[in-house]
Amino acid sequence: MSTERPRGAAITGIGVIAPNGLSAEAYWKSVREGLGVIDRITREGCGHLPLRVAGEVRTFDAAALIEERFLVQTDRFSHFAMAAAALALEDAGLGKGDTAEPYSIGVVTAAGSGGGEFGQRELQKLWGQGSRFVGPYQSIAWFYAASTGQISIRSGFKGPCGVVASDEAGGLDSIALAARVVRRGTDAVVVGAAEAPLAPYSMVCQLGYPELSTVEDPERAYRPFTSDACGFVPAEGGAILVVEDEEHARERGTPVRATVAGHGATFTGASRWDKSREGLAQAIRVALDEAGCAPEEIDVVFADAFGVPEADRAEALAIADALGAHGTRVPVTAPKTGIGRSYCAAPVLDTAAAVLAMEHGQVPPTPNVFDICHDLDLVTSKARPAELHTALVLSRGLMGSNAALVVRRGGDSAR
C-alpha cells in the first residue's frame, strides 16, 4: 500500500476582471464595502432593448493588456479571461520561466455563451457583404473553448486542458475538475471563467429567460431573498484562479491562500426551481462529504441568489436541508447583487470573494437587499467581522445544473 501523502489542491493565485474592479484587490475592496455598480447599459446597439441595466466592465482597455495578435482573433470574453489569467499567474508567482516542464501546467475554463460580440460582427459581414468578408477567426473566436486555448497558447502551457459546459454551475465544476487534475499529478491548473453577454445578439437571446430582470432602477433590479425579488441582472467579466499542488507551491515558496476541499454537482432540469431544492441540498451534502466537513464547520455561505422568488425559496430550504439547524445560523452572503450575475463566471467570482473573506476575517454584505423574507442569516448593509476557516459556495443554472464547493482557508486542515 502506498504511503504517499495525498496531493492537496491549493489556490495560490487570483485574477479578477469585474464590473467593480480590475484586480482581486479592487474587487475585494468594493465587495467588502458593499458597493453596487449595476447601472444603465451603455454598449452600442443595446439602447432599444427592454433589458436596461447590467454589470458592465466599463474601464477595461484590452489593447493595454493583451497583444495585438491575440486581440484580433478573440472575443471580449476571452480578453477578460486572458487578462484575469495574467493577474492570477502573477499573484501565484508562476509564469513561463517558473517551470521547466510546460506539460506540468494545464488550463480549464467554463463558458456559457462564448464570443457573441465577435460572432455577431462577422455574421453581419456575411449577410451584408458576403462570405469573402468574413474573417478566418470567426471559426474559433465565438467558440466556448476559445479562452482555454488562448490562455494555453499565450502562456505556453501544454498540460491537461479542457472546457466545462455545464450551465452557470460550470464555474464551480471547472474548479473541481482542476483540483482533480492536480491530485492526479499535474503541478498546477489555470482555471475559471469570464463572460461577455452584453452584445446586442447575446442580449436578445437572454430576453428569452423568464428569470431575467427588466426593472430599470439599478438598485431594485436584483433583490434576491426579498418580497421585491424580480429576477436577476446579467453581468460581464470574471475571475481566474491558479489551483496548484500544495507541496509544489511550498517548494516554490508560494503562500497557499486556500484549499479546494470538496465539490458536489447534480442536475434537476431547466427552470424547475422547486426541484432545485433537493438537487442543491444533495450537491451540498456530497461536497461536505468529500471535504470531510460537518455542517456546523461551515463558517459562511456564498449563495447562488437567483432573485426569482421560487428559486430563492428553494435555495433557502436547501441550505436548511443540508446544514440542519446550522443553516439558519450560518452567515449567508451574495456579493453578486452589487455587480450582477456573470453566468459561469459568477461562482468563480464568489469563490475568489470567499478566499478573500477568509483571509480578511470579514463576511461581505449583500448590496441593495433588505427585508429578508426567508429564514437565513443574510448579511446586509455592511461587512461582518468573523473568524472564517471554511466557506461554502453555491451555484445553479438556468438549465438545471446545481453545484456546491467547499474551500478552506490557507494553512487550515480539516477540523
Charge context of residue 391, other residues only, Cβ under 13 angstrom, K/R +1, D/E -1: -3
Out of 130, 338, 292, any idea which swings most in a Gaussian network model of the chain, alpha carbons joined below 10 Å? 130
Set of lysines near residue 275 by C-alpha distance (under 30 Å), chain-local residues within fewer than 8 positions excluded: 336
What does the charge dipole of the chain about its Cα centre add up to, to the nearest 20 debye, if the Cβ of each Lys and Arg holds +1 and the Cβ of each Asp and Glu holds -1? 600 debye
In debye to the nearest 20, the charge dipole size for the stretch 1-151, taken about the Cα centre with +1 at each Lys and Arg Cβ and -1 at each Asp and Glu Cβ, equals 400 debye
Of all DSSP beta bridges having both residues in the stretch 261-409, the percent classed as antiparallel (nearest 5) is 70 percent
The chain - share of DSSP beta bridges that are antiparallel (%, nearest 5): 65 percent
Need one number: % antiparallel among DSSP beta bridges in the stretch 9-251, to the nearest 5. 60 percent
Taking the Cα centre of the chain as the origin and placing charges on Cβ (Lys, Arg +1; Asp, Glu -1), which of 403, 89, 102 is farthest toward the positive end of the dipole? 102
Given charges of +1 on the Cβ of Lys and Arg and -1 on the Cβ of Asp and Glu, with all other atoms neutral, how large is the dipole of the stretch 265-330 about its Cα centre, in debye to the nearest 20? 200 debye
Please report the relative contact order for the stretch 261-409, taking Cα pairs under 8 Å with a sequence separation of at least 6, and give it as a percent rounded to a whole number. 35 percent
Of the residues 281, 265, 26, which exhibits the maximal mean-square fluctuation in a Gaussian network model of the chain defined by a 10 Å Cα contact cut-off? 26
Which one, 131, 178, 155, is farthest towards the positive end of the dipole of the chain when Lys and Arg carry +1 and Asp and Glu -1 on their Cβ? 131
Straight distance only, please: which aspartates and glutamates reach the Cα of residue 158 with their own Cα at less than 16 Å, same-chain residues fewer than 8 apart left out? 98, 101, 187, 244
With Cα springs under 10 Å, the Gaussian network model of the chain assigns the largest mean-square fluctuation among 386, 169, 314 to 386
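Bear in mind that the values in this text are calculations on the coordinates, not laboratory data. Here the structure is a predicted model, which means the values were calculated and not measured. With ideal geometry, Cβ positions are generated from the backbone for all residues, glycine too; neighbour counts draw on all protein chains shown.
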